[in-house]
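**Student:** What follows is a single structure, and I will ask about it in a moment.
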Amino acid sequence: MTETQFTPRVFSGIQPSGNLHLGNYLGALKRFVDMQKPDIETIYCMVDLHAITVWQDPKELAHSTRELCAGFIAAGLDPEKSILFNQSQVPEHAQLAWIFNCVARMGWMQRMTQWKDKAGKNQQNASLGLFAYPSLMAADILTYHATHVPVGDDQKQHLELTRDIAIKFNHDYGVDFFPITEPVIEGAATRVMSLRDGSKKMSKSDPSDMSRINMTDDADTIAKKIRKAKTDPEALPSELDGLDERPEARNLVNIYAALSDQTAEQVLVEMGGKQFGEFKPMLAELAVSKLAPISSEMAHLMGEQAEIDRILAKGAEKARAVAAPILQQTYEIVGMVGAKQG
Ligand code: AMP
Ligand code: TRP
């Protein structure tokens with residue numbers, strides 16, 4: 001299949017499960033904004049169907065969906081330039097996911113590290129939805145024939161599975177219908193680590209709030225969390241290999257680099273030799289200058305719920321216009337009677 005058969009189109013999603021944090025921002029959201037350009041269609045989704053694969057309180061789910069939408073817009077996504085919507089409002093995602101449930105193999109799903117991590121030792125009691133999660137994710141992407149998917153490093157395996165599903169579907173039905181999607185995992189902070197433990201990913205589910213910077217944190221809280229971040233007693237090196245075996249130092253350098261749109265190498269040229277006592281306040285100042293305007297804009301937008309709901313509804317309508325014909329053609333390929341349009 002030639003890559004050129006498909007018009008370039010960007011799709012990505014974030015779960016509305018609360019605590020949007022710096023890892024989500026640098027690994028995903030900021031990249032979404034960078035990819036919002038006039039010559040490419042960008043579609044960004046609040047994946048509420050994915051969120052309920054683990055229990056969500058209904059009121060909190062609704063709140064988190066609106067808050068995530070506010071975060072998207074506050075970070076720089078423009079509803080006139082990108083399609084912004086929540087997944088449940090475009091039924092084609094769930095419909096295509098069913099087809100993919102019949103394409104994907106049990107063994108593929110069992111290998112997923114996110115499944116193993118989230119289900120833990122008690123797989124028998126995990127929801128069936130959590131197991132089938134990657135198949136819905138493949139449907140999110142492929143119901144738009146998306147060619148590029150910006151995500152953090154932890155989603156790489158899911159995107160490989162999306163490619164496997166597209167390849168198997170195309171092969172089984174003898175078509176060149178679904179694109180083989182490219183993951184876009186780039187920038188200095190594809191994996192932001194916990195501020196308390198450089199071996200653990202920054203995560204919304206970490207019990208310690210000090211481990212992460214939330215997008216709703218105010219300037220004082222951001223500065224305090226960086227001041228208290230775990231480090232080591234050495235000064236910063238001036239070259240990258242000086243960060244080997246220093247996960248906490250590496251993490252703060254990567255955060256600095258991503259926030260200032262530089263590479264880690266560039267940051268070290270400037271910062272090499274500085275102690276953390278000097279570097280941390282600089283990082284705190286940079287973080288506050290980039291994040292505080294986003295959090296205050298989020299708070300402002302959360303005061304305008306009707307406007308958020310209107311943006312989501314309009315986005316869902318635009319998304320459906322792209323997704324519905326692709327689902328329709330899929331049904332035809334599969335042999336579902338009555339699928340012809342019009
Ligand atoms: P989630 O909140 O799990 O829906 O993740 C949304 C996006 O944020 C995905 O693209 C993730 O890869 C990305 N992400 C989540 N945590 C991190 C992290 N600690 N570092 C970098 N990217 C992350
Ligand atoms: N699984 C992703 C995460 O937890 C969220 C997601 C769902 C997604 N559907 C997607 C990301 C489609 C990219 C494309 O981070």
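The values are calculated or read from the model by the stated rules, or taken from the named source; none is laboratory data. Quick caveat, the model's predicted, so the values are computed rather than measured. Heads up, the Cβs are rebuilt from the backbone with ideal geometry, glycines too, and the neighbour counts pull from every protein chain shown.
**Student:** Do we have any residue at all in the stretch 53-63 that's crowded, with 23+ Cβ neighbours inside 10 Å and not assigned by TED's automatic domain parsing to the domain that holds A287? Explain how you work it out, then say what you get.
**Tutor:** Narrowing the stretch 53-63 to residues crowded, with 23+ Cβ neighbours inside 10 Å: none.
Looking through the stretch 53-63, none of the residues is crowded, with 23+ Cβ neighbours inside 10 Å and not assigned by TED's automatic domain parsing to the domain that holds A287.
**Student:** Of the residues I43, I14, which single one is among the aliphatic types (A, V, I, L, M) and away from ligand 1 (no atom under 13 Å from the Cβ)? Break it down into steps so the answer makes sense when it comes.
**Tutor:** Numbers: I14 fails: away from ligand 1 (no atom under 13 Å from the Cβ).
After applying the criteria, what remains is I43.
**Student:** When residues of the stretch 49-58 are filtered for being within 15 Å of the chain's Cα centre (by Cα) and more than 11 Å from ligand 1 (Cβ to nearest atom), how many remain? Quick ask: steps written out before the conclusion?
**Tutor:** Going through the stretch 49-58, the residues within 15 Å of the chain's Cα centre (by Cα) turn out to be 49-51.
Those left that are additionally more than 11 Å from ligand 1 (Cβ to nearest atom): 49.
Count: 1.
**Student:** Looking at V192, V184, V175, can you tell me which residue is within 12 Å of ligand 2 (Cβ to nearest atom) and hydrophobic (A, V, I, L, M, F, W, C)?
**Tutor:** That would be V184, the only listed residue that is within 12 Å of ligand 2 (Cβ to nearest atom) and hydrophobic (A, V, I, L, M, F, W, C).
**Student:** Turning to a different aspect of this structure: Can you find a residue in the stretch 124-133 that is within 19 Å of the chain's Cα centre (by Cα), buried (at least 19 other Cβ atoms within 10 Å of the Cβ), among the small types (G, A, S) and at pLDDT 95 or above?
**Tutor:** So far as the stretch 124-133 goes, no, none of its residues is within 19 Å of the chain's Cα centre (by Cα), buried (at least 19 other Cβ atoms within 10 Å of the Cβ), among the small types (G, A, S) and at pLDDT 95 or above.
**Student:** If a residue must be buried (at least 20 other Cβ atoms within 10 Å of the Cβ) and in a helix (DSSP H, G or I), how many such residues does the stretch 77-96 contain?
**Tutor:** Total meeting the criteria: 4.
**Student:** Condition first: over 12 Å from the mean Cα position of the chain (by Cα), surrounded by 14 or more Cβ atoms within 10 Å (Cβ to Cβ) and over 30 Å from I226 (Cβ atoms). Now tell me which residues in the stretch 1-23 satisfy that.
**Tutor:** Result: M1, F6, P8, R9, V10.
**Student:** Only one residue in I99, I73, I43 is in a helix (DSSP H, G or I) and either modelled with pLDDT under 95 or under 29 Å from K168 (Cα atoms) (or both), so which one is that?
**Tutor:** Values: I73 fails: either modelled with pLDDT under 95 or under 29 Å from K168 (Cα atoms) (or both); I43 fails: in a helix (DSSP H, G or I).
The unique qualifying residue is I99.
**Student:** Can you tell me which of (1) more than 13 Å from ligand 2 (Cβ to nearest atom); (2) under 17 Å from L312 (Cβ atoms); (3) touching a residue at least 12 places away in the same chain (Cβ under 8 Å) is the one Q5 doesn't meet?
**Tutor:** Only one criterion in (1) more than 13 Å from ligand 2 (Cβ to nearest atom); (2) under 17 Å from L312 (Cβ atoms); (3) touching a residue at least 12 places away in the same chain (Cβ under 8 Å) is unmet by Q5, namely (2).
**Student:** Just for the stretch 24-40: of the residues that are more than 19 Å from I141 (Cβ to Cβ) and within 11 Å of ligand 1 (Cβ to nearest atom), which one is surrounded by the fewest Cβ atoms within 10 Å (Cβ to Cβ)?
**Tutor:** Among those residues, the one meeting the criterion is K30.
**Student:** Pick out the one residue from A126, A166, A138, A104 that is closer than 30 Å to M193 by Cβ and away from ligand 2 (no atom under 12 Å from the Cβ). Quick ask: steps written out before the conclusion?
**Tutor:** Working: A166 fails: closer than 30 Å to M193 by Cβ; A138 fails: away from ligand 2 (no atom under 12 Å from the Cβ); A104 fails: closer than 30 Å to M193 by Cβ.
Exactly one residue qualifies, and that residue is A126.
**Student:** Please verify whether T162 is within 16 Å of ligand 1 (Cβ to nearest atom) and of a type in the set (V, I, T), treating the condition exactly as stated. Reasoning before the result, please.
**Tutor:** Working: within 16 Å of ligand 1 (Cβ to nearest atom): yes; of a type in the set (V, I, T): yes.
So T162 passes the test.
**Student:** Name the single residue that is nearest to ligand 2 (Cβ to nearest atom) among those in the stretch 12-71 being of a type in the set (K, R) and in contact (Cβ under 8 Å) with a residue 12 or more places away in the chain.
**Tutor:** Filtering the stretch 12-71 for residues that are of a type in the set (K, R) and in contact (Cβ under 8 Å) with a residue 12 or more places away in the chain, the one nearest to ligand 2 (Cβ to nearest atom) comes out as R31.
**Student:** Restricting attention to the stretch 107-117, which residues are closer than 16 Å to R163 by Cα and part of a helix (DSSP H, G or I)?
**Tutor:** Taking the stretch 107-117 and keeping what is closer than 16 Å to R163 by Cα, we get 107-109, 111-112.
G107, W108, M109 - these are the residues of the stretch 107-117 that are closer than 16 Å to R163 by Cα and part of a helix (DSSP H, G or I).
**Student:** Every residue in the stretch 325-342 that is in contact with a Ser or Thr (Cβ under 9 Å, 6 or more places away or on another chain) and assigned to a helix (DSSP H, G or I), please.
**Tutor:** Here is the first cut: in the stretch 325-342, the ones in contact with a Ser or Thr (Cβ under 9 Å, 6 or more places away or on another chain) are 326-327, 330, 336, 339.
Answer for the stretch 325-342, where residues must be in contact with a Ser or Thr (Cβ under 9 Å, 6 or more places away or on another chain) and assigned to a helix (DSSP H, G or I): I326, L327, T330.
**Student:** Then there is this: Restricting to the stretch 145-195, give me the number of residues that are surrounded by fewer than 17 Cβ atoms within 10 Å (Cβ to Cβ) and assigned to a loop (DSSP other than H, G, I, E, B).
**Tutor:** Final tally of qualifying residues: 6.
**Student:** Contact list please: Cβ distance under 9 Å, first residue in the stretch 119-144 and part of a loop (DSSP other than H, G, I, E, B), second residue at pLDDT below 95 and away from ligand 1 (no atom under 16 Å from the Cβ), pairs at least six apart or on different chains.
**Tutor:** Within 9 Å, the pairs are A126/G120.
**Student:** Another question about this same structure. Please go through (1) within 16 Å of the chain's Cα centre (by Cα); (2) of a type in the set (A, V, I, L, M, F, W, C); (3) surrounded by fewer than 23 Cβ atoms within 10 Å (Cβ to Cβ) for C69 and return the number of the only condition it doesn't satisfy.
**Tutor:** Looking at each condition in turn, C69 falls short on (3).
A quick yes/no check of all residues on (1) free of Cβ contacts under 8 Å to residues at least 40 places away in the same chain; (2) of a type outside the set (D, E):
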position: K156; (1), (2): yes, yes
position: E160; (1), (2): yes, no
position: D164; (1), (2): no, no
position: D172; (1), (2): no, no
position: V175; (1), (2): no, yes
position: V184; (1), (2): no, yes
position: K201; (1), (2): no, yes
position: I213; (1), (2): no, yes
position: D217; (1), (2): no, no
